[in-house]
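The values are calculated or read from the model by the stated rules, or taken from the named source; none is laboratory data. Here the structure is a predicted model, which means the values were calculated and not measured. When we count neighbours, we look across all protein chains shown, and the Cβ atoms used for this are built from the backbone with ideal geometry, even at glycine.
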């Protein structure tokens, strides 16, 4: 097992990440809305 740490990657937006993966799992509850109403924005 390697003990070397990976260098963090800085992303500007989701487009920077989208090309690396075929699918995403998004946990929207508590992030995009409070369970009843969507957060503004």
Inset, instruction - Can you work out which of the residues in the range 25-34 that are exposed (fewer than 10 other Cβ atoms within 10 Å of the Cβ) and not in a strand (DSSP E or B) is modelled with the lowest pLDDT? - result: 30
Legend entry - Qualifying residue in the range 4-24 (condition: loosely packed, with under 10 Cβ neighbours inside 10 Å, assigned to a loop (DSSP other than H, G, I, E, B), more than 14 Å from the chain's Cα centre (by Cα) and at pLDDT below 85): yes
